[in-house]
Structure formats: structure tokens, C-alpha cells
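Colleague: Take a look at this one; I'll ask things after.
Quick note: the coordinates plus some simple rules give every number you see, no bench work behind them. Computed from a prediction, not measured in an experiment: that's the story for all the values here. Note that each Cβ is placed from the backbone with ideal geometry, even for glycine, and that neighbours are counted across all protein chains shown.
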């Protein structure tokens, strides 16, 4: 996981259109409005604001990780089968956040970043089977203190390059000393085969600095198809084993059978009507496009 941002250096030469400089100017202005005097005091205030900004995302990520670990330990200790194989997580550095600000063209302020960039805190869950990925997503999305903001199903509808994964943008409450902050956390859920492919694809794009030869891209797409075929074959083998089939339900079933219709309404936690909420049934009903 990335370290929290250190105090920015004022000696670095930046262009006027650089979001880094614009953010610093915005933070300098805010520091002056708060009554800070002198360069040293302003830099202390900027350090505090940036650290606080990233800490909120770390706290939100910790909240979701706790929920995932509870599910994982429950299955490991009380069931014969666990749908969760591995869990990884990361927090974007301020440099990478600002790179994304530039690509997205969003407002280079903390508030603008907070609303436009939703993958500052990221968690990746690796499962054995495709049905496990949907199963874990359902269990996580059904918890009442989580709001599901967006779901991108790249398993049913892979990206053109062959990438497959289930992306869920969550909003979770972080209870601070003087207020409750709502932060976004992106959770990616995929199979072991999908994760292996994605890791290799990332290394290839890094090696070629994004300019990957067409023949290698074709091989990557073919490898993605083979990974999907492997997932399907392994699931078919799993389904022939009665004991495992009873432990690992198909997509759409919850931890103890179908998700209860009377589960608590997340509206009691979230009051912001500007953020649409998804139900798990919304994902199930999504067309395969």
C-alpha cells in the first residue's frame, strides 16, 4: 500500500497548467483564509490537508477490508469451502492521483478530486470460480452500511483487449472525531486465471510504455479467451463434485441461500441523494452487452 503523501516541495518546477501547482495554490488560499501566516505555517497546513485527505481513504479501505476479512474467516472456520482465495489492496499516491486529474480534466481541488476519482482506495479479491466472484460481490453489496454506487461487469462483457473482472464502486461511512465522512472504495473481484492474465497484461504495457505491438495484443486476447475457457472447464469439474457443489452456490445466491428480501435498508446510513444507490438485483438484471 502506498505511503501517505509527504509535504510537497516548492522547489519543483511546474507548468502553469499543471494540476499539482493548481492544487497547491488552492491549498495555499485555503490556508490563508484559515488565518495561517507565513510560508512555514502554510506548508504545515497543506501537509495536514493532504495527509487528512489520504487518511480518509485509508480508513474507508480499512472498513471494507474488515468486512472482507470477516467473511473470509467465517468461511475458513465454519465452512468446508471459502470463495475468497486472496485479498490485495493499495492506496494511490498523490502523484498518481494528480496524473489522473490531468487525464480526466477534472477540477484540481480536493473537493473536485473527491467527487471525480473513485479508485483512490482499491481492493482486489481473487476467487477460484466465476460464480464465487458474483457470490462475494453479493455478500458485500448486501451489507446495510455500504452503498453500491456503480458496477462494471467486465466478466459478462469483457473489454476489447480481453480484460475480465467485476468492478464495484462502494461508498462507506468513516466515523471521525468530529464528523462522518463518506469515501469511495473500488473493489475488483476476479478469478485466479483472470488475475494472472491482468498481471501479465499490466507488465507488458509497462514494458512497452503503452505502445504494445499488434501481434502481442492478439496473443493477449487469445490468452484471455483461454483463461475464460479454463474458468469454465474448472467450474464444470467442480460441479461434478457433489460436496463442493453444495458448498459453492451459483451466482445470485447469498451466503446462506438467497439474499433475504428483508435485509436492512442502507438509506438509514446514507443521506446524500446525489449519489445513486444500486441493489444487487440491479446487477442481476443487467443485459449482457
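Colleague: Calculate the spin-label point distance for residue 88 paired with residue 25, positioning each point 7 Å from the Cα along the beta-carbon direction, and give it in nanometres.
Modeller: 3.8 nm
Colleague: Kindly put 127, 106, 141 in sequence by how many other C-beta atoms sit within 10 Å of each C-beta, fewest to most.
Modeller: Arranged by neighbour count, lowest to highest, 127, 106, 141 become 106, 141, 127.
Colleague: Between residue 18 and residue 237, what is the spin-label point distance in nm, taking each point 7 Å from the Cα along the Cα→C-beta axis?
Modeller: Using points 7 Å along Cα→Cβ, the separation is 5.3 nm.
Colleague: Could you list the residues of the stretch 217-238 with an amide nitrogen less than 19 Å from a label point located 7 Å from the Cα of residue 208 in the Cα-to-C-beta direction?
Modeller: In the stretch 217-238, the label zone of residue 208 (backbone N under 19 Å from the point 7 Å along Cα→Cβ) covers 217-227.
Colleague: Further question: Could you please rank 212, 187, placing first whichever residue has the fewest other Cβ atoms within 10 Å of its Cβ?
Modeller: 212, 187
Colleague: How would 167, 77 line up from fewest to most surrounding beta-carbon atoms within 10 angstrom?
Modeller: Lowest to highest Cβ neighbour count: 77, 167.
Colleague: While we're looking at this one, here's another question. Could you work out how far apart the two model spin labels at residue 107 and residue 225 are, taking each label as a point 7 Å from the Cα in the direction of the beta carbon, and quote it in nm?
Modeller: The two pseudo-label positions are separated by 4.7 nm.
Colleague: Computed FRET efficiency, Cβ-Cβ of residue 79 and residue 154, R0 22 Å: what is it to the nearest 0.05?
Modeller: The value I calculate is 0.20.
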